[in-house]
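Below is one structure; the comments refer to it alone.
The values are calculated or read from the model by the stated rules, or taken from the named source; none is laboratory data. Fair warning: this is a prediction, and the values are worked out from it, not measured in the lab. Positions of Cβ are generated from backbone atoms using ideal geometry, with glycine treated the same way; all protein chains shown enter the neighbour counts.
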Amino acid sequence: MKSLLTIKTVAPVLNAAEITIRRMLRRGELPHHKIGSRYLFTESDIEEYLAASKVPAKYPVRQTETSEAVPV
């Protein structure tokens, strides 16, 4: 069985306060499991959330022949 994470353990992973995690839950932003009054998360729930919330770079960087990063 996968280990389940609590709000207290998820907050540092998302770099957010516990109250912010609770607000995200109320708004339906985080996938979770609710058992009784406890909100629990799997690692894959959090990984999926992070992947879905990724913002692409506004200005992609390309490599030149000298291997220096140059803005496009």
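State which residue pairs qualify: first residue under 17 Å from A52 (Cβ atoms) and among the polar types (S, T, N, Q) and inside the range 20-33, second residue assigned to a loop (DSSP other than H, G, I, E, B) and modelled with pLDDT of 95 or more in any location, beta carbons under 8 Å apart, and separation of 6 or more residues or different chains.
none
Is there any pair linking a residue in the range 39-61 that is closer than 19 Å to I19 by Cα to one that is part of a helix (DSSP H, G or I), with Cβ under 7 Å and at least six apart or on different chains, and which?
So the pair list comes out as Y39/I7; Y39/L25; F41/V10; I46/V10; I46/V13.
On the basis of being touching a His at 6+ places or on another chain (Cβ under 8 Å) and modelled with pLDDT of 85 or more, does L14 make the cut? Even if it seems obvious, please write down each step before you answer.
On the way: touching a His at 6+ places or on another chain (Cβ under 8 Å): no; modelled with pLDDT of 85 or more: yes.
Answer is no for this residue.
Identify, please: which residue in the range 19-44 is out of contact with any Ser or Thr (no Cβ under 9 Å at 6 or more places or on another chain) and either of a type in the set (S, T, N, Q) or modelled with pLDDT under 90 (or both) and is, among those, surrounded by the fewest Cβ atoms within 10 Å (Cβ to Cβ)?
So the residue we want is S37.
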